[in-house]
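One structure below.
Where a number appears in this text, it was derived from the coordinates with a stated rule and is not lab data. Please read all numbers here as calculations on a predicted model, not as lab measurements. Cβ placement follows ideal geometry from the backbone for every residue including glycine, while neighbour counts extend to all protein chains displayed.
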């Protein structure tokens, strides 16, 4: 367990809120929220009560505008929406912040609807107070001088816990949002360990067909063949596939990073350009290397054999997930959290079971799973418009997010309400405007392992970890698991889980991080979206049967359309560190 500091008790929060309210009431009856006397009163209360900087409630409440780019995995129940939900209610109740969405759209994948709509908003020149941005958009607005300098705001208002968590993520995330010495955005920090690609296989099908866990890529192909040709679902029809894949090729579910890594190829990661060292002190672009071509040739072969969903080219990950959940696919590559994504499969078939396995190599060389150089969630950054009246509001909402999940002032029931519900499985933490999570997941696995082996007591658990602990203990005792409990055990459990595999990789120092750990260069900003589209189109066509040599033409086009300039800029950065 990491050590946490600056944690406030509920009683302290209430007392501080009352003090702020009392101070403000002297002037609120004759002044509006934005009047000079109101601002002066707020500053006086902050000086008298330093902790108010972190959690003090605005009196009267303030309005803060934003826009939201939603994951397709986001669910709403009981009348909640992205405009009205438990997190927005918590912001107003605890902080006096009324968060208002100017618009919202589903599609947080690279180049998706969210990024496109944000580009339109940027072009309009009318930004909300809090702006969700990609790295390219951040640089664009930084160069245009449209963002507030929040260097002093972060130093003043970020709670000790918030600063501690950001420090655990290393210096790179905050440095990536700093331009000319000015912090212009807050990165959505994550752990590179969360993004390790894994291979997931239906173990109930493996048992039924007497298959063993794969040790080589030939073993993987034998498993795929059996899942296609040996009727694993027992319905007497040849209606199952060997491997899931979605049209975006890269990301966290039914994607190709792990497959490519088995061929020692390191293309884009989650859609982001990936750079590797060439052994001579230079960086080269992963997607144009010959190992990628070799892997594409094998994928083309698998597609021709019918191992891959024939319609993958028109399906996003959520559509491909429906095939997995309906029992038509028995293997996919993806990230640690995917058992949670497919947990509804257990509603269709309570005996269905999936497990994460380590990537295996195509030859006698070990696999190095690729991960990001800077681990960021979605959105990658949250910036504040230069015209925003309360730039510190963003920092306070981030403080509250960390307090809910890592602090001591919220009960288990309250954390369940704001986190992942154990009853309906809705991940309401996704409603929060900020969802960063550095090393918490791997630490949760390690702690659960220590509790199970008796070296630590369950009193070490924080509120968020208790749901995973309950699920793991039920699984170990052989009790019937609800779908979400099954998923949590398969993600965090001491054995046969995502993080059991990831922990092995971390301990053995096997991860291959992106060697370019910075925001986009100027040419990336101008060209990379076009180059990414070219890459996806070319690779998809090759998989579906276009001549493999079209890869060579892709490499030539990539270089001419900005790739050579990007390579120079990346190497200039690399050698100037």
Self-check item: Relative contact order of the range 440-507, defined on C-alpha pairs under 8 angstrom at six or more residues apart (%)
Solution: 35 percent
Quiz item: Just for the chain, what percent of DSSP beta bridges are antiparallel, to the closest 5?
Solution: 65 percent
Quiz item: Hey, any idea what Rg/Rh is for the range 301-440, computing Rh the Kirkwood way over Cα pairs?
Solution: 1.05
Self-check item: Residues of the range 368-405 with amide N under 18 Å of the 7 Å Cα→Cβ point at residue 151
Solution: 383-386, 391-392
Self-check item: Ratio of the Cα radius of gyration of the range 440-507 to 2.2 N^0.38 Å, where N counts its residues
Solution: 1.01
Self-check item: C-alpha center-to-center spacing [the range 75-148, the range 330-389] in angstrom
Solution: 23 Å
Practice problem: Express in whole angstrom the spacing between the alpha-carbon centres of the range 255-300 and the range 412-454. | Solution: 33 Å
Exercise. Let me have the relative contact order for the chain, percent, based on Cα pairs under 8 Å that are six or more residues apart.
Key: 20 percent
Practice problem: Express in nm, to one decimal, how much length is gained between residue 575 and residue 83 on full extension, taking 0.36 nm for each residue of separation and deducting their alpha carbon distance. | Solution: 172.5 nm
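Multiply the residue separation of residue 143 and residue 559 by 0.36 nm, subtract the distance between their alpha-carbon atoms, and state the gained length in nm to one decimal.
Length gained between residue 143 and residue 559: 147.2 nm.
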Self-check item: Helical contribution to [θ] at 222 nm, DSSP H n ≥ 4, -39,500 (n - 2.57), averaged over the chain, rounded to 500
Solution: -13000 deg cm²/dmol
Practice problem: Mind checking the full-extension length gain between residue 548 and residue 364? Use 0.36 nm per residue of separation minus the Cα-Cα distance, one decimal, nm. | Solution: 63.7 nm
Quiz item: If you take the Cα atoms of the range 507-577, find Rg, then find the Kirkwood Rh from the mean of 1/r over all pairs, what is Rg/Rh?
Solution: 1.07
